[in-house]
Amino acid sequence: MIGTGRAAHRQTVLDVGAHYFVDLHHNRLEDIGEVDMVFDVIGGQTLHRSATLVRSGGALVSITEPTPVPTGIARVIFFVVEPDGMELVALERRLRDGRLRPRVGAIYSLEDALAAFDPTRHSRGKTIIRVIDDGDGE
Ligand SMILES: NC(=O)c1ccc[n+]([C@@H]2O[C@H](COP(=O)([O-])OP(=O)(O)OC[C@H]3O[C@@H](n4cnc5c(N)ncnc54)[C@H](OP(=O)(O)O)[C@@H]3O)[C@@H](O)[C@H]2O)c1
């Protein structure tokens with residue numbers, strides 16, 4: 001499994017299970033060679049360049065934008081997540097047994113929830129809005 005990103009994210013990407021890391025700004029994506037599947041969370045040029053790596057019969061999955069179908073690719077998938085209670089329960093199970101390891105960034109109280117959407121406050125990791133105060137002072 002190959003993970004990509006900015007140089008500063010190398011260790012994080014390796015820690016979550018990638019075998020190799022490709023720095024999108026200093027390495028050439030095209031040098032990776034053919035892959036079975038691309039899962040894109042960046043879009044734009046990165047998505048278009050990644051698409052060319054998928055082997056014939058492979059899959060290109062993107063959550064950022066509908067993707068033009070590159071020649072020879074068997075499956076191109078773009079989807080938008082929909083709220084689903086059963087899937088949330090399944091995700092919770094994965095969280096509890098350690099199969100899902102989220103990277104938590106900033107944590108806001110419900111009173112400060114508006115600030116969580118302030119684009120000038122970009123933080124690394126997922127932003128949490130704490131709805132229930134569990135009394136640990138966060
Ligand atoms: N279809 C769906 O259902 C769905 C659901 C959730 C999210 N999305 C979309 O998926 C995308 C990612 O969402 P997210 O919540 O995962 O965002 P995120 O937590 O901000 O993660 C995006 C990651 O990609 C990195 N990145 C962004 N542009 C980059 C570039 N040009 N070169 C290298 N690294 C880059 C970011 O690094 P930095 O932090 O250093 O910028 C960050 O680590 C967004 O476009 C979002 O709208 C779609």
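The values are calculated or read from the model by the stated rules, or taken from the named source; none is laboratory data. Since the model is a prediction, treat every value here as computed from it, not as a measurement. Note: ideal-geometry Cβ built from the backbone for every residue, glycine included; neighbour counts use all protein chains shown. For the accessible areas, the whole protein counts, side chains as well, though only heavy atoms, and no ligand, DNA or RNA atoms are used. Shrake-Rupley method; radii C 1.70, N 1.55, O 1.52, S 1.80 Å.
Taken together, the residues in the range 102-128 that are more than 14 Å from the ligand (Cβ to nearest atom) and either in a strand (DSSP E or B) or basic (Lys, Arg) (or both) amount to 3.
Could you tell me whether Val89 is open to solvent by less than 90 Å² (accessible area, probe 1.4 Å) and at pLDDT 95 or above? Spelling it out, Val89 is indeed open to solvent by less than 90 Å² (accessible area, probe 1.4 Å) and at pLDDT 95 or above. A single member of Thr52, Thr64, Thr12, Thr120 is within 30 Å of Ile132 (Cβ to Cβ), free of Cβ contacts under 8 Å to residues at least 40 places away in the same chain, of a type in the set (S, T, N, Q) and out of contact with any helix residue (DSSP H, G or I) (no Cβ under 6 Å at 6 or more places or on another chain), and it is Thr120.
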